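Below is one structure, written out as structure tokens; the observations come after it.
Each reported figure results from applying straightforward, stated rules to the coordinates on display, with no laboratory input. Since the model is a prediction, treat every value here as computed from it, not as a measurement. Methodologically, a virtual Cβ is constructed for each residue, glycine included, from the backbone with ideal geometry; neighbour enumeration extends over all protein chains shown.
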Amino acid sequence: MKILDRLPYGTAPTTVAVAGQELRVRAYQAIVWVSLSVRTMLEWDTLTPRFPAILDTGSNHNFSIGRSHLIQWAGILPEALLPLGTVRERGQRVPVHAAKLWLHPNLPGQNQVAERKPFALDLKGGIALYPDQTAPRLPILGLRALTDNNLYLSIDGQRRRLGIRTLDWRTKLLRLLS
Amino acid sequence: MATIELTDEQRQTLREGLGKPVEVVDPATQQRYVLLGREQYERVRSLLENIPDREALGSPKGVPPGIVRSQQAFWRDLPELLRDKRNHGKTVCYHGDQRIGISTSDEPLVRACLRQGIPDDAYDLFIIGPRDIPPWETEAIEDLGPQHFENGPAEA
């Protein structure tokens, strides 16, 4: 199943709008739209707010977000997410909380979100919840979240598009042949 | 833990107590016991069972004891789980010492916990795969680069 289908990313700076704010997106940064919920939310709730995140394959954690973004963008109070432990980043201990992430599909070849059910990502190890002073300016979706959910990421550098999908029969066949 | 079913009279007393602990007496021995809700029990369980202090385990304050116990059980069982290659990459769920199950996704395991009435703060889920530190220890992750902050590198 295709989740992100030929999602464009820019080689020049651009902006993304969230909660009435225009936020800068740097060149070569891919923006995905996500929602967060408690881990026990098994069925998608259409009232769950969505917000942008940077897809960063250099991040070796699941998901990183600041407290204010969690409250204002995701619509969740930090206290609603169970604490699981901590990670260490830039010398600071960052609390990790249990959560489920929902990755919204795009309209094929466009940055626009498709109005269909998002894909649920199980985040064993939780999300890193930063104090605002040290939080990233936009939430970050890391490679661990994609890996642990057995997703397939492809980047078409020539067309500046990327795709994320579940494992399909073609990929399985190619693996067998290689 | 052994399970005893409530009588109708006990259920009524508990309802009337609005969630407060209820004292129970054994008429044969006059031994007194306290009946308290599962969630209340989970909060004081570590004190009763002398679970090692969370700070001593490297885990922060605030991690529910039920999750710490689940993490300890997973770490204890991981070598055995890894011996079966079919487990690799799958999800395992623990409720304290009890293994709820192994699955390809969280959903059936979370549903199993809900069916069994296990509160959210009394279980945890893990990927079965090699790992070098226990789940309760603080893992060092890659530092976020300057591009993730407002005063990051200038645009070209």
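Tabulated data
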item	result
Scope the range B:120-141; condition more than 18 Å from B:Gln72 (Cα to Cα) and crowded, with 16+ Cβ neighbours inside 10 Å; matching residues	B:Ile141
Residue satisfying all of: in the range B:115-126; out of contact with any Pro (no Cβ under 8 Å at 6 or more places or on another chain) and at the interface with chain A (Cβ under 7 Å from one of its Cβ atoms); nearest to B:Pro64 (Cα to Cα) among these	B:Asp120
Residue list for the range A:84-104, restricted to those being more than 24 Å from A:Leu146 (Cβ to Cβ) and not charged (D, E, K, R)	A:Gly91, A:Gln92
Total residues in the range A:8-26, condition surrounded by 10 or more Cβ atoms within 10 Å (Cβ to Cβ), part of a strand (DSSP E or B) and hydrophobic (A, V, I, L, M, F, W, C)	4
Filter result for the condition that a residue is within 11 Å of chain B (Cβ to nearest Cβ), in a loop (DSSP other than H, G, I, E, B) and more than 12 Å from the chain's Cα centre (by Cα), over A:Arg116, A:Arg88, A:Arg137, A:Arg93	A:Arg137
Selection count, the range A:68-85, where residues are out of contact with any Pro (no Cβ under 6 Å at 6 or more places or on another chain), more than 12 Å from every other protein chain (Cβ to nearest Cβ), of a type outside the set (A, V, I, L, M, F, W, C) and not in a helix (DSSP H, G or I)	0
